[in-house]
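Coordinate-derived values only; no laboratory data. Keep in mind it's a predicted model, so treat the numbers as computed, not measured. Heads up, the Cβs are rebuilt from the backbone with ideal geometry, glycines too, and the neighbour counts pull from every protein chain shown.
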Amino acid sequence: MIKQYLKQAIAMLRENRLISAISVLGTALSIAMIMVVVLVVQIQVADYYPENKRSRMLFVDPGGTEIRSVENAQNWMHGSMSSEVVKSCFYRLETPEAVSAYTVKGLPASPMDRRYFTLYQVKLVDARFWQICSFRFLAGSAFSQADFDSGIRNAVISESLARTLFGDVQAVGKEFRLDLTPYRVCGVVPDVSKAADMAYADIWIPYTCDADVMRLDPEYENMPGFLGVVILAHDAADFPAIRAELAQSISQYNRTKRDYQISFFQNPITQWDKARGSWAQSFVSWKRYVAETGGLLLFLLLVPALNLLGVTHSSIQKRQAEIGVRKAFGATNRVIIQQILCENGVISLLGGAIGFVLSFIALPLCKGFLLGSSDTALSGEMLFQPAAFLLALLFCLVLNLLSAGLPAWWITRKPISDALKNEEEINK
């Protein structure tokens, strides 16, 4: 029976080629637009290399620290935290699996015998950073905890930078200049996409090598600095416990100070919070996000779907006479509805396949607008999430089935004479 329905569906597509093409194209555009929206969200929140543990991460980004005077409420500042705050408030946390501090600079990198002036993103991190981010090493390894504690100038560099400086990824043990300071390569990793913003860099070095990062400011009781923090939980369910322990740790630290108190706004935040637009000093709740962007997302998702509903409904209405004739020859309502749904299912599957391809063409073309940077590298690991496509296809399939099934159900309930009479009125 199903095989017969499929044959009839293909024959119907060939017979009404214009309407079939419009229906297939409408389905394809609907799925493509839905998929693009889903892919953008997916790139922002999904776990992929080297941020394979995003769902278990909490962040206090550089700039998410507030320092306020105890005596004068008007005397306050915001920025990043010092290494002392990191050690006293974050490294001592026991609930998380790991805690890492980091900051970012833009510096030129050059071979020892030449001078280049191109700026590269340098991420200054600690040894725990390599436990939180799952980097694959093409050569060598990360710098050790001992290297970090001693401030030894070892560096991990990206594959493309290794080729630029040394002509090959086999660069372990070779030296280069970062600005004017010599560093030794201890490891080479594949290039990281800018979409993985916490892990992204061209060069990773211990922050203990940088005098500015390690310098403390006694005027504000050693609180301000350059560092942000990423916290890795054993499980996302531990987030409340981590926040509670952090609040206690901050309170204990503040009791050791006389003139200033430190806080972190509504940090730490999750990857989902960042995807909604939350940053160091501005937290975007789900309610605010829906209020500000929900209308746009609804427009992007529903407009093509509603257009598709109209096309499908119109095509079913024009088949009233056919349905009346089939009923006159003994076809049951169930058989007629099953056939119409099968035909529409074929259209949905064809449109879904085309829409799937279109979405992967559209996203790279629009990534400057959608992702904020036209040179953001996109990998198959980021994009290919079967569940996302299946949900988008299911959404359009349900709309298609409703747009075809409801009119078909309504028409089959009409008397045969009314269905045939409707065709005569149309022909007039």
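Observations on the model:
- Net charge, Leu93 excluded, C-beta distance under 12 Å - Lys, Arg +1, Asp, Glu -1: 0
- The length gained on full extension between Glu292 and Arg92, counted as 0.36 nm times the residue separation minus their Cα-Cα distance, comes to 68.2 nm.
- Averaged over residues, the count of other Cβ atoms within 10 Å places the peptides 333-340, 76-83, 178-185 in the sequence 76-83, 333-340, 178-185, highest first.
- Separation in nanometres of the label points that stand 7 Å from Cα toward Cβ, at Arg334 and His234: 5.5 nm
- Computed E for Ala21/Phe299 - FRET, C-beta separation, R0 22 angstrom, nearest 0.05: 0.30
- Once the Cα-Cα distance is subtracted from the 0.36 nm per residue extended length, the Gln248 to Tyr116 segment shows a gain of 42.8 nm.
- 17 Å reach of a label modelled at Gln131, 7 Å along Cα-to-Cβ, counting backbone N of the range 92-125: 92-102, 125
- Cα→Cβ-extended label distance, 7 Å offset, between Leu216 and Phe283, nm: 2.9 nm
- Within the shell of other residues whose beta carbon sits under 14 angstrom from the beta carbon of Thr103, the net charge comes to -2, with Lys and Arg scored +1 and Asp and Glu -1.
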